[in-house]
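S.K.: Provided herewith is a single structure, encoded as C-alpha cells, for subsequent inquiry.
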Amino acid sequence: MQLMPTHARRRFALITAACAVLANCLAVAQAQSVAPADASESASGKLSVKAAIDAAAYADTDHVYVLTPVLSGSVSKPTAGWSIGGQYLVDAVSAASVDIVSTASRHWQELRHAGGLNASYKPGERGGAVNASVSSEPDYLSISGGLSATQDLLDQNLTLSLGYQHGHDVAGRSGTPFDVFSRVLDRDSVKASCTVVLDRATLALFVLDSVFEHGDPSKPYRYVPLFAPGTQVPKGASVDEVNRARVSARPLEQLPLTRSRFALSFGVLHRFDAATLRVDERVYADSWALLATTTDARYLFDWGPFELGPHVRLHAQSAVSFWKRVYELRPALDLPALRTGDRELSPLLAGTLGWTLRWRLGPAGERDRYRLGLDINATETRYLDTLYITRRLSAYSNLSFEAQL
C-alpha cells in the first residue's frame, strides 16, 4: 500500500517492489542459519498468523491531502510451503489544486476502496502464486489479477521468477453511469526477476518489467488551454496570466491509445554486523519517449530493540514526445491531435529525504512477534517546463503495527 495521488502511488510502488523482494530473500537466507531451538519450533508445523494495521498520510503544496487506513493479514504454514493473505484499504482524498480551480471546478473530496487477495505455494524448489485485486472510486473502477512461478537453483542461491498480470480499468465521470460515459484501459504486465545470494550477508536482484497498455488513459476532467500561434507564455504562468493569453477553445486532454513501458531494476542488499544497507537503481523507457532514472538508498542500523536510519531517493525524467507547455490552435480550429496538461509527463527532477524507525516490541525472546514502524519522507519536485506550478513540496508518513499471532 502506498498513500499518495495515483501517479505517485504507481511510481513509488515500482521503486519499492524490488526492495520488498530483497528484504524477503534476506529473511529466507537468514532463516537457513537459525538456532536449533528455532528450527525445532518450525518443524512442529505450526501455522503462522500475521495481522497488520497501517495509517498513512500525504499532503503537498498543490493542496492535495490523502489519508489511508489499511488492514492486512496472512496465514501460512512454512513447513508446507503455502500462504494466503489479503488487505483492504480506504483512500480519503481531498484536493483543490490549481488544475482543478483553473477549470472552474470546486474543491472536491472522494473515497477510494481497494482490496486484494493473494496465495502462494512453494513446497520445494518450485512454486507459484496468484493474486487478485479491485479498486473502486465514484468515477473509476480497476480490476486486476495475475500469477507467477518461481524456481530455485544452485542450492537456493539463485531464484528465477516469471509473472503475468492483467488489469482492466474503467474511467468515467462522477454521477454518470459507465454505460453513458466511460473510457476503458487494459493493461498486460510481464515481470521477470533473478535473485542471487552472493554470500550469507549479501543479495543481488535483477528485475525486468514490461507493461503494454491498450485503451484511452486520457483524464475526463482535464482540459488543455490553447493559444494563438506565436503566443509566448512563461513557465509557471498563473491562472490569470494563462486565461488572458489563451483562446476560448479548451478541449479535453487526448493521450495516445497505446503505450509500452519497460523498466530494468538492479538492487543490492547487504547485512553488516549491526546494520543493513539497501541500494536500488531503476531505468525506464516507454513508447511515448519518456526516459527516467531512479536511485533509492536506505541504511538501517540496530539500536537495541530499534532499527532506524535514513532514506534517500533521486528521480529524473524527460518529457513525452508530445509534451508542450504551449499548445497552439492552428487555423480552421485544427486541434493538436495529442495534448495534455499532466505535469507528470513533463521533464522533472525530484529528490526525497526520509527517516525510518522500526521497534520490536515485547520481551527479549519474543520481540519479533510485534513490530511498530514509522516512515516519514519529504519530497521536492521541480517541473522544468510547465504552466501554473514549477515546484511542489510533499510529505508522506506511514505508521504501522504488525503482530504475529
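The values are calculated or read from the model by the stated rules, or taken from the named source; none is laboratory data. Since the structure is predicted, the reported quantities are computational estimates derived from the model, not experimental observations. With ideal geometry, Cβ positions are generated from the backbone for all residues, glycine too; neighbour counts draw on all protein chains shown. Each accessible area value is taken on the protein alone, full model and side chains, heavy atoms only, with ligands, DNA and RNA left out. Shrake-Rupley method; radii C 1.70, N 1.55, O 1.52, S 1.80 Å.
S.K.: What is the number of the single condition among (1) touching a residue at least 60 places away in the same chain (Cβ under 8 Å); (2) open to solvent by 20 Å² or more (accessible area, probe 1.4 Å); (3) out of contact with any Leu (no Cβ under 8 Å at 6 or more places or on another chain) that R271 does not meet?
M.R.: Looking at each condition in turn, R271 falls short on (3).
S.K.: Any chance segment 107-114 includes a residue that's modelled with pLDDT of 95 or more and open to solvent by 30 Å² or more (accessible area, probe 1.4 Å)? Even if it seems obvious, please write down each step before you answer.
M.R.: Within segment 107-114, the first condition is being modelled with pLDDT of 95 or more, and the residues that meet it are 113-114.
Then drop every residue that is not open to solvent by 30 Å² or more (accessible area, probe 1.4 Å), which leaves 113.
There is at least one residue in segment 107-114 that is modelled with pLDDT of 95 or more and open to solvent by 30 Å² or more (accessible area, probe 1.4 Å).
S.K.: Ok, one more. May I ask you to say which residue of V224, V207, V190 is open to solvent by less than 50 Å² (accessible area, probe 1.4 Å), modelled with pLDDT of 95 or more and either of a type outside the set (S, T, Y) or on the phi < 0 side of the Ramachandran plot (or both)? Let's see the steps before the verdict.
M.R.: Details: V224 fails: modelled with pLDDT of 95 or more; V190 fails: open to solvent by less than 50 Å² (accessible area, probe 1.4 Å).
Going through V224, V207, V190 in turn, the sole match is V207.
S.K.: Please list, ordered by first then second residue, the pairs with beta carbon atoms under 8 Å, 6 or more apart or interchain, first in segment 198-226 and without any contact (Cβ under 8 Å) to a residue 12 or more places away in the chain and over 21 Å from V170 (Cα atoms), second of a type in the set (A, V, I, L, M, F, W, C) and part of a strand (DSSP E or B).
M.R.: From segment 198-226, the pairs are L198/A204.
S.K.: Restricting the search to segment 123-140, which residues are modelled with pLDDT of 95 or more and crowded, with 17+ Cβ neighbours inside 10 Å?
M.R.: G127, A129, N131, S133, S135
S.K.: Could I ask something else about it? Cβ contacts < 7 Å: first residue within 12 Å of Q156 (Cβ to Cβ), restricted to segment 115-131; second residue charged (D, E, K, R) and assigned to a strand (DSSP E or B), any location; separation 6+ or different chain. Result?
M.R.: Correct list of pairs: E125/D152.
S.K.: If you take the residues in segment 167-218 that are part of a strand (DSSP E or B) and small (G, A, S), which one is nearest to F262 (Cα to Cα)?
M.R.: First, pick out the residues of segment 167-218 that are part of a strand (DSSP E or B): 167-171, 183-199, 202-215.
Next, only the ones that are small (G, A, S) stay: 167, 171, 189, 192-193, 204, 210, 215.
Details: G167: 17, A171: 24, S189: 10, A192: 12, S193: 14, A204: 20, S210: 5, G215: 18 Å.
My answer is S210.
S.K.: Only one of these conditions is not met by A297: (1) part of a strand (DSSP E or B); (2) of a type in the set (A, V, I, L, M, F, W, C); (3) within 26 Å of G341 (Cα to Cα). Which number is it?
M.R.: (3)
S.K.: Considering segment 281-298 alone, what residues qualify as being among the charged types (D, E, K, R) and in contact (Cβ under 8 Å) with a residue 40 or more places away in the chain?
M.R.: Residues of segment 281-298 among the charged types (D, E, K, R): 281-282, 286, 296, 298.
Answer for segment 281-298, where residues must be among the charged types (D, E, K, R) and in contact (Cβ under 8 Å) with a residue 40 or more places away in the chain: R282, D296, R298.
S.K.: Please list, ordered by first then second residue, the pairs with beta carbon atoms under 8 Å, 6 or more apart or interchain, first in segment 63-88 and at positive phi, second assigned to a strand (DSSP E or B) and among the acidic types (D, E).
M.R.: none
S.K.: Hey, does segment 368-382 have a residue that's open to solvent by 30 Å² or more (accessible area, probe 1.4 Å), closer than 21 Å to R250 by Cβ and at pLDDT below 95?
M.R.: The answer is no; no qualifying residue exists.
S.K.: Name the single residue, out of those in segment 84-104 being under 13 Å from Y221 (Cβ atoms) and touching a helix residue (DSSP H, G or I) at 6+ places or on another chain (Cβ under 9 Å), that is modelled with the highest pLDDT.
M.R.: Taking segment 84-104 as the starting set, the residues that turn out to be under 13 Å from Y221 (Cβ atoms) are 95, 97, 99-104.
Okay, now just the ones that are also touching a helix residue (DSSP H, G or I) at 6+ places or on another chain (Cβ under 9 Å), so 99, 101-102.
On the way: D99: 62, V101: 45, S102: 47.
Result: D99.
S.K.: Mind listing just one residue for me: the one in segment 315-330 that is not in a loop (DSSP other than H, G, I, E, B) and not aliphatic (A, V, I, L, M) and, of those, nearest to A285 (Cα to Cα)?
M.R.: First, the residues of segment 315-330 that are not in a loop (DSSP other than H, G, I, E, B): 315-317, 327-328, 330.
Now drop any that are not not aliphatic (A, V, I, L, M), which leaves 315, 317, 327-328, 330.
On the way: H315: 14, Q317: 10, Y327: 24, E328: 27, R330: 31 Å.
Out of the qualifying residues, it is Q317.
S.K.: Return a yes/no flag: does segment 243-262 have any residue that is part of a strand (DSSP E or B) and closer than 30 Å to V197 by Cβ. First the steps, then the outcome.
M.R.: Step one: filter segment 243-262 for residues part of a strand (DSSP E or B), giving 252, 254, 258-262.
In the following step, the residues that additionally are closer than 30 Å to V197 by Cβ were identified as 261-262.
Yes.
S.K.: Restricting attention to segment 252-268, report how many residues are more than 18 Å from T295 (Cβ to Cβ) and either surrounded by 16 or more Cβ atoms within 10 Å (Cβ to Cβ) or in contact with a helix residue (DSSP H, G or I) (Cβ under 6 Å, 6 or more places away or on another chain) (or both).
M.R.: 6
S.K.: OK, next. Can you find even one residue in segment 337-347 that is open to solvent by 50 Å² or more (accessible area, probe 1.4 Å), in contact with an Asp or Glu (Cβ under 7 Å, 6 or more places away or on another chain) and part of a loop (DSSP other than H, G, I, E, B)? Step through it out loud before you land on a result.
M.R.: Filtering segment 337-347 for residues open to solvent by 50 Å² or more (accessible area, probe 1.4 Å) gives 337-338.
Checking the rest, the ones that are also in contact with an Asp or Glu (Cβ under 7 Å, 6 or more places away or on another chain) come to none.
The answer is no; no qualifying residue exists.
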